[in-house]
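Data block below; observations after.
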Amino acid sequence: MVHLKTAEEIECIRASAKILGQAHGEVARMIKPGVKTKTLDQRAEEFIRDQGGIPSFLKYNGFPASLCISVNDTVVHGIPGDYELKNGDIVSIDCGVQYKGYHSDAAYTYPLEGVSADVLDLLDRTYKSLHLGIAQAVAGNRIGDIGYTIQSFVEEFGYGVVRELVGHGVGKHLHEDPEVPNYGKRGKGPKLVAGMVIAIEPMINRGTKNVVQEKDGWTIRTADRKPSAHFEHTVAIFEDRTEILTTHEDIEKNYPYKWRNKSR
Ligand code: MG
Ligand code: MG
């Protein structure tokens, strides 16, 4: 069942998203060769708690960390640990914050220096697909319009759209109805109405759409071991507009490598 949010509830999610954006910004400063992924996770948890928030992912269905950190061929749900980032890696940082009972959810994939033009293209186009999807997330459209738009854009480049994992409603729970797939048909699926708050999160693979789960029970990686990108925002739908509640601004301000190329 889709729970429509009141203006007060959306205000709470906005407050949560503000902390989340800043937490992402704290992590962005630290992303460089040699940093252990668990060090990023520790900083995120410390920052979120200092602001009075709770890391949404920690202990969610038993997940052991505050960030999902997914490197290279890992699509999502990577567990932070002793791995040290190195030049040529891409790393997706996914984080959720609960504040005063409401969650927000956002993700960003960083390239370190030395990533091939080919993989930078994957990142740029996945980022663009997120914003094309958000542009479809307006009252009166349907969920399928979002997925159709993301899928048709990225498949032009021969990329694979992950089927097993999808976006979702966000609110008192991290994952609520409706599901928001990154694939679909125009005009199909639940209607978007004012008061919906949804996370849109394309997970786009350089090669096959197929994924496998590692033995740790969490890590999802591409079946062909090619890289995968993931960007996510939490958005609120109003009668006459859609607002992106989360932000990548702190990330893009604090991460020294200005990699995004709007002409790509
Ligand atoms: Mg997320
Ligand atoms: Mg999500």
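Collect residues whose amide H, placed 1.01 Å from N in the peptide plane, falls under 5 Å from the amide H of ALA65; neighbours closer than 5 in sequence don't count.
LYS59
Using only DSSP helix segments of four residues or longer, with each worth -39500 (n - 2.57), what per-residue ellipticity at 222 nm results for the chain after dividing by its residue count and rounding to 500?
On the way: 5 runs with 77 residues, N = 264.
Value at 222 nm, helices only, nearest 500: -9500 deg cm²/dmol.
Tell me, what is the percent relative contact order of the chain, built from C-alpha pairs under 8 Å that lie six or more residues apart?
Values: 693 pairs, mean separation 64.6, N = 264.
Once divided by the residue count of the chain, the mean separation gives 24 percent.
List the pairs from LYS86/LYS215; LYS188/LYS209; LYS32/LYS209; LYS38/LYS59 whose alpha-carbon separation is above 27 Å, in the order I gave them.
Values: LYS86/LYS215 24 Å; LYS188/LYS209 22 Å; LYS32/LYS209 29 Å; LYS38/LYS59 16 Å.
Flagged as over cut-off: LYS32/LYS209.
Let's test the formula: R0 of 22 Å, r as the Cβ-Cβ distance of GLN42 and LYS100. What FRET efficiency results, to the nearest 0.05?
For GLN42 and LYS100, the calculated efficiency is 0.40.
Assigning unit charges at the beta carbon (Lys, Arg +1; Asp, Glu -1) and nothing else, what dipole magnitude in debye, to the nearest 20, does the chain show about its Cα centre?
On the way: 33 positive and 36 negative charges, 74 e Å.
Computed about the Cα centre, the dipole is about 360 debye.
I need to check one value: relative contact order of segment 143-264, counting alpha carbon pairs closer than 8 Å and at least 6 residues apart, in percent.
On the way: 232 pairs, mean separation 28.3, N = 122.
Relative contact order of segment 143-264: 23 percent.
Near the amide H of ASP89, under 5 Å away, which other amide H atoms are found, from residues 5 or more places off or on another chain, if H is placed in the peptide plane?
It is LEU112, by chain and number.
Given the options HIS168, TYR183, ALA28, identify the residue whose Cα lies farthest towards the positive end of the charge dipole of the chain (+1 on Cβ of Lys, Arg; -1 on Cβ of Asp, Glu).
TYR183
Tell me the relative contact order for segment 74-114 as a rounded percent, counting alpha carbon contacts under 8 Å between residues six or more apart. List each step's numbers first, then the result.
Values: 44 pairs, mean separation 16.9, N = 41.
Relative contact order of segment 74-114: 41 percent.
Is the C-alpha gyration tensor of segment 156-263 telling us rounded, prolate or oblate? Criteria: a/c under 1.5 is rounded; beyond that, a/b larger than b/c is prolate, otherwise oblate.
Details: a/c = 1.63, a/b = 1.23, b/c = 1.33.
Taking the square roots of the gyration eigenvalues as a ≥ b ≥ c, segment 156-263 is oblate.
Over the chain, with every protein chain in place, what whole percent of the accessible area is carbon and sulfur at 1.4 Å, could you tell me?
Details: 5460 of 11140 Å².
C and S fraction of accessible area: 49 percent.
How would the chain be classified by its alpha-carbon gyration tensor: rounded, prolate or oblate, with rounded meaning a/c under 1.5 and the a/b versus b/c comparison settling the rest? Mind showing how you got there, number by number?
Values: a/c = 1.57, a/b = 1.14, b/c = 1.38.
Since a/c reaches 1.5 but b/c is at least a/b, the shape of the chain is classed as oblate.
Arrange the residues CYS95, CYS12 by how much accessible surface each exposes, largest first, with a 1.4 angstrom probe. Working shown, then result.
Numbers: CYS95 5, CYS12 40 Å².
Most to least solvent-accessible, the answer reads CYS12, CYS95.
Which shape class, rounded, prolate or oblate, goes with segment 11-142 when its Cα gyration tensor gives a ≥ b ≥ c as root eigenvalues, a/c under 1.5 marks rounded, and past that a/b bigger than b/c marks prolate?
On the way: a/c = 1.97, a/b = 1.10, b/c = 1.80.
It is oblate, given that a/c is not under 1.5 and a/b is not larger than b/c.
Enter the accessible area per residue of the chain (Å², integer; probe 1.4 Å; all protein chains in place).
42 Å²
The values are calculated or read from the model by the stated rules, or taken from the named source; none is laboratory data. What you are looking at is a predicted structure, and each value in this text was computed from that prediction instead of being measured. As a convention, Cβ positions derive from the backbone with ideal geometry for all residues, glycine included, and neighbour counts pool all protein chains shown. We work out accessible area using only protein heavy atoms, side chains counted, and drop any ligands, DNA or RNA first. Shrake-Rupley method; radii C 1.70, N 1.55, O 1.52, S 1.80 Å.
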